[in-house]
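The values are calculated or read from the model by the stated rules, or taken from the named source; none is laboratory data. Please read all numbers here as calculations on a predicted model, not as lab measurements. For neighbour counting, all protein chains shown are included, and Cβ atoms are generated from backbone atoms with ideal geometry for every residue, glycine included. The accessibility values were calculated without ligands, DNA or RNA, using every heavy atom of the protein model including side chains. Shrake-Rupley method; radii C 1.70, N 1.55, O 1.52, S 1.80 Å.
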Amino acid sequence: MDKPFGSNAETDRPDHLGVFTKNRSALIRYASTITGDIGLAEDVVQDAWTRFIDAAEVQAIHEPDRFLFRIARNLALDARRRRAFEGRLFAQDATDAAQRIASDMPSAQASAEAADELAHIMDAVSRLPERTRQAFLLHRVEGLTLVEVGARLGLSKSLVHELVVSALEQCRKARRQGGPRR
């Protein structure tokens, strides 16, 4: 007897990989409309797949396509919120920096203040725990995605996110404490 799509004849269990493979492109398009970023959408879809598999191990999934899309939607919304939060963390810093750039040639005082501020931030980065520093530099300096950083360091995407946010907070604190007083 033929099994319906999504079943595995050997185990008589749903073929979750088949469900994912069938929907992967549509999931990425769907997630990218929410996140506004195709790279982030791919990370979201990969995360959705792992959560889908984890859920399938402990419960029967009666509508796997809908369930997978719901997971992707929730993760995409979370990713969009995280990105907005991180943007707000540095919005004030960006505004301050833009106001200090009055001309192409900064004054000697502005150059000295910037060098001092950079030294404080570099010192803060050097004092971060090794794993936090690695995650921060890979993500913020080398431009790797959270998933890529996690793969390189053997960490989950959510843990990498926590480490990067922690490092960002330490840099902001160092900038506030050591930067020029206004």
Go through the range 14-49 and give me each residue that's assigned to a helix (DSSP H, G or I) and of a type in the set (G, A, S).
G18, S25, A26, A31, S32, G39, A41, A48
Within the range 116-182, which helices (runs of 4 or more DSSP H) (wholly inside it) include 1 or more residues that are touching a residue at least 60 places away in the same chain (Cβ under 8 Å) and surrounded by 14 or more Cβ atoms within 10 Å (Cβ to Cβ)?
146-153, 157-178
Right, F52: open to solvent by less than 30 Å² (accessible area, probe 1.4 Å), in a helix (DSSP H, G or I) and at pLDDT 90 or above or not?
yes
I'd like the full set of residues that are without any contact (Cβ under 8 Å) to a residue 40 or more places away in the chain and crowded, with 21+ Cβ neighbours inside 10 Å, limited to the range 29-45.
A41, V44, V45
Provide a single number: the residues in the range 55-69 that are open to solvent by less than 80 Å² (accessible area, probe 1.4 Å) and assigned to a helix (DSSP H, G or I).
7
